[in-house]
Structure formats: structure tokens, C-alpha cells
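> Okay, handing you the structure first.
The values are calculated or read from the model by the stated rules, or taken from the named source; none is laboratory data. This one's a predicted model, so the numbers in the text were calculated from it and none came from an experiment. Neighbour counts run over all protein chains shown; Cβ positions are idealised from the backbone, glycine included. Just the protein is used for accessible areas: all its heavy atoms, side chains included, with ligands, DNA and RNA removed. Shrake-Rupley method; radii C 1.70, N 1.55, O 1.52, S 1.80 Å.
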Amino acid sequence: SWNLYCQNLTKDALENEERIKIDSGLLKPYQLSKDGNWVFYLKSEDDNFYCYNVEEDKKDKLFSGINYYRLNATCDKIVFQNTDQVVYIGNPLTGEKEKIAQDATVTSISEDFSKVYYEKNDSVYVYTTENTTDKVFSNYDELIKVFPDGTAYYTKEEETTIQIKDIVDDDLAESDTAEKKENNENPPPIGLNLSSLEDTTWTYDEYSSLDS
């Protein structure tokens, strides 16, 4: 955890070590408004979300039990998720909040905070600031990442059938093909042609006869 200070960088302030301790036990990230007058942060001891007004030297607790949050650039919109997996959108300057979903996990937020993508029950949903919620898709095994533009990366297990010939390296395949081609061009005799026996002369071999 961290201690957070506000320091005036004038020579006198530095020499006199004049600084304001905003708080201790902070968790990263913390965020400053553009004018530097507001500081937003989480504390490690209670997971509460605070805002500190530098000009008024005043600290206020806005939300409790937060395990994820994201602020827009002007610090007037926040999306956060508490330890009960409830997702909210709100205004950190006023403390107003609106529930988006229960038992959900934030996956991505559009740059202008008009869309919030979240995962629930193995499905991806999108919430818009026009108070609409739509299921985007659900046919996946593992969701890897959803980008602010709505592009998603995921995995899905699929059964694939592979023939044995596709995985066995037959080193005789080429020679077998060549031999088959040669046989087709010069086929061997299929059987005996009896007409070819008409002019055949048969000779008796006395040595081949059997003894009686």
C-alpha cells in the first residue's frame, strides 16, 4: 500500500517541507481530476472508494467493498464492481450510482463509457447508458478478452475427425503409385486363350512318365 501526498513545488514550501498528506494505505491505481483538485482512490484496509478534495482538504467515502473500478478522463463517470459481484455505473462527484447487473464480471468499457460489457452465466452482455441490456453471445468455452469496440476473443472446443492417412507418413506411397501406373499401361495376361492352342505341338517326354 502507499501514502499519497500533495506537494507545492515552490522553494519555500520545499525547504519547509510543507505538504499535505492525503491518506495512507492506498491501492493502485488512483486517479486525479484534470484540474488536480480531486483525488480518487481505494484503501487496502477496507476496499472502500474515496474522493479527496484538495482545495477544501476534505475526504469522503463514496462506495464500499469495491474490488474493481474505472473512471473516465473527466472523473464524472465511474463503473465499479463490488465484492458481491454487483456491477454499478455512477457519478463519483455526486455519489450517485445505478445497478447494472448481479453476479457479473466487467470485461470492457467503451471509451466514452456509453457501453459496459460484462460476463454472466457464461454469456457476454452489453449495457448502454440508454438503459438497455442485450446478450451479445454465449457459444464459447473460455472468454479471453473483450475490447471496448465490441471485439471478443474466446476459445471453443470442437470435435475434429482425422483420417489415418492424414497422420501416417507412407514412405512407399510414391513407388506404389508408379507401379500402379505401369501396370495400367502394360497389364499382365488375365487368363489362357484356348484358341492359341490349335497350332500347338505336344511332345511326349518319356522321362517324365511315372513308373508303374
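> Here's a check for you: in the stretch 99-114, which residue that is among the polar types (S, T, N, Q) and not in a loop (DSSP other than H, G, I, E, B) is surrounded by the most Cβ atoms within 10 Å (Cβ to Cβ)?
Once the filter is applied, the top-ranked residue is S108.
> The conditions are (1) open to solvent by 20 Å² or more (accessible area, probe 1.4 Å); (2) modelled with pLDDT under 85, and A13 fails exactly one of them. Which is it?
The number of the failed condition is (1).
> So, in the stretch 27-68, of the ones that are under 17 Å from W2 (Cα atoms) and part of a loop (DSSP other than H, G, I, E, B), which residue ends up least open to solvent (accessible area, probe 1.4 Å)?
N48
> I need every pair where a residue in the stretch 96-109 that is in contact (Cβ under 8 Å) with a residue 60 or more places away in the chain has its Cβ under 6 Å from the Cβ of a residue that is loosely packed, with under 12 Cβ neighbours inside 10 Å and not small (G, A, S), sequence separation at least 6 or different chains.
none
> In the stretch 69-91, what count of residues is obtained for those that are exposed (fewer than 15 other Cβ atoms within 10 Å of the Cβ) and over 17 Å from E111 (Cα atoms)?
Number of matching residues: 2.
> While we're here: Which of the residues belonging to the stretch 71-88 are assigned to a strand (DSSP E or B) and within 26 Å of K21 (Cβ to Cβ)?
Once the filter is applied, which keeps residues that are assigned to a strand (DSSP E or B) and within 26 Å of K21 (Cβ to Cβ), the stretch 71-88 yields L71, I78, F80.
> Could you tell me whether any residue of the stretch 5-26 is within 29 Å of T105 (Cα to Cα) and either touching a residue at least 40 places away in the same chain (Cβ under 8 Å) or not in a strand (DSSP E or B) (or both)?
no
> Looking only at residues that are open to solvent by 100 Å² or more (accessible area, probe 1.4 Å) and at pLDDT below 75 in the stretch 150-168, which one is farthest from K135 (Cα to Cα)?
By that ranking, first place goes to K165.
> If you don't mind, another one. Pairs under 6 Å by beta carbon, first residue over 16 Å from K120 (Cβ atoms) and in a strand (DSSP E or B) in the stretch 134-150, partner among the hydroxyl-bearing types (S, T, Y) and open to solvent by 100 Å² or more (accessible area, probe 1.4 Å), six or more apart or different chains?
Qualifying pairs under 6 Å: I144/Y153; I144/Y154; K145/Y153.
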